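Asker: Handing you a structure now.
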Amino acid sequence: MNEADIPIDIAAGKLLDWLISRRIVDKNWHLNIRNIRNKISNAITDMPAHDELLQLLSGAHINYFHCLRIVDILKTTEADSKNVFGRYGSQRMKDWQEIVKMYEKDNIYLAEAAQILVRNISYEIPGIRKQIKHLEQLSDEAEKKVEDLERSEKVVLAEYQNMCKHLGVSGENLRQELVDKVFNDLPGMLTTVASSVTPLKKTVELYATFVSDVECLPLLKHVLAKGNTTVYEYVYGEPPLAIEEPPVKFVTEQANAADDGTIDFGDDGGAIDFGDGNAIDLGAPVELEVGDIDWGAGADVIEPAADGNAIDFSISLEESGIVVEEDGNLGGTAKGEEAYTVLDAQQYRDRFINDLLELQAFLKMRLHQLGSADKAQMLTFTMMDNFAAHDEKSVAGMLAEVEVVYTGVTDELMQHLLQIKHSSVYVDILTSNVKQKLSSIEKMKETAKMKKEKSVSFRQQSVELKPTQTKIVEQTKTLQGQIEKDISKRYKNRPVNLYGTNL
């Protein structure tokens, strides 16, 4: 093979070391490069208007090959300054020709070109590619986060709608709707629970016979016999003539809760003014005067009889005309907690629920006994043999009826309404908890909007970097070809291949 056809393969990353090892460039070449760069910085401040020059000067790092092209362009623009000896009188041309000579001394230009090539293929191009990939990844992650937020938003919205549906409200004016349900729906719900107790009559009798206690399950028996009566009737055994149920009060979160329970008597230092001009000073000491009791102007005063005899206290009640009512609360007024129904008042409702649980536990144990293979366990239930229907099927039916009542009295909506009725702040707490779902949805929407904007921004930045990447790759390929051509001239035009550039 002809020597001229043997290629010279050089690893691009080791190009500068290769040039130094073959003494093409000096190992201290970088000591002279600063003067050249300063010369270039001064020269570019005075350049003629030329499109290609503007493109060259606005590009990447200016190297020796750029300087050669600039000199060629100046030969055209500065042609008028050329004298008869072929020299140019233009300072611009002189400056750039001097720069070219400084580059060519000791082949400094080749060392710098090699350094630029290595920097581009090792750092600049991979760095831009990595940055573009990172921006695209951030954009994809932001888009995925938006999708996750949209899914979560739908889930939370469904939860909010389910909560409103469970509470029986539309959610347009949540607080007022809940307050209205306390007055409109709660009484009917309590009546429904009381009505559902009717099928438990035989079950209660069965349990009473088993425990041999007629006083068992008192609240359940009372509701079974008389319905959801007032606590007054349950306690005293007779209905009241009048019911004065405590008014339902609601305190909003914005209400002033700073009341400490003290009485404000004004700013007069603790005196009560009754409007007659005479004020009583509460801070003054009380003076008591010994003497007769004054019953008021014109009032009769009890005095001893004229004959000196003492007052006769032996007169009977019938003779005096005084009527004494019988003991008890017949004709009384139910006030306070006694005005509530037994299923409304917290204490008595809990006792009613305890009765249900007691009856439920009994039936479950009986059902377990009947389903057990060990018939010896049934000895404890022999006293129930007086009942014709107490087999496994009938007991299961009784248990189902008890559980219907228990489910009704522990209904979550009814519990909320009872809490609202008996707590002045619960309606605001419940409203806040429900509306928190809406707040979460709004936050998700804001976050999703922000993520969308970031995704678009990241994507745009990556798009804007791609032309820069393309330009640097093209310039690096051009520089690679120029270096290969220059080295080839030094070795009798043998082909030179710089491998490992990954362009």
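The values are calculated or read from the model by the stated rules, or taken from the named source; none is laboratory data. Because the structure is a prediction, the values reported are computed rather than measured. With ideal geometry, Cβ positions are generated from the backbone for all residues, glycine too; neighbour counts draw on all protein chains shown. For the accessible areas, the whole protein counts, side chains as well, though only heavy atoms, and no ligand, DNA or RNA atoms are used. Shrake-Rupley method; radii C 1.70, N 1.55, O 1.52, S 1.80 Å.
Asker: With bins 10 Å wide starting at 0, give me the P(r) of the stretch 97-150 over every alpha carbon pair, in whole percents.
Answerer: 21, 23, 19, 16, 11, 8, 3
Asker: Next question, about the same structure. What pairs from Lys165/Lys452; Lys181/Lys451; Lys39/Lys477; Lys14/Lys492; Lys133/Lys154 go past 30 Å between their alpha carbons?
Answerer: Working: Lys165/Lys452 33 Å; Lys181/Lys451 41 Å; Lys39/Lys477 26 Å; Lys14/Lys492 22 Å; Lys133/Lys154 32 Å.
Cα-Cα > 30 Å for Lys165/Lys452; Lys181/Lys451; Lys133/Lys154; rest within.
Asker: In Å², and per residue, what accessible area does the stretch 6-73 have when probed at 1.4 Å with the other protein chains present? All intermediate terms of the calculation are to be shown ahead of the outcome.
Answerer: Numbers: 3980 Å² over 68 residues.
Here the per-residue accessible area is 59 Å².
Asker: Taking the Cα atoms of the stretch 120-243 alone, what are Rg (to one decimal) and Dmax (as a whole number) in Å?
Answerer: That works out to 32.1, 101 Å for Rg and Dmax.
Asker: By what distance, in whole Å, do the Cα atoms of the stretch 152-205 stretch along each of the three principal axes, largest value first?
Answerer: 53, 26, 9
Asker: Oh, and also: Grab the beta carbon distance between Val155 and Asp411, set R0 = 30 Å, and tell me the FRET efficiency rounded to 0.05. Please list the in-between numbers first.
Answerer: Numbers: r = 25 Å, r/R0 = 0.84.
Plugging the Cβ-Cβ distance into 1/(1 + (r/R0)^6) gives 0.75.
Asker: How much accessible area per residue does the stretch 396-440 have, in Å², with a 1.4 Å probe?
Answerer: Numbers: 2000 Å² over 45 residues.
Accessible surface, normalised per residue, equals 44 Å².
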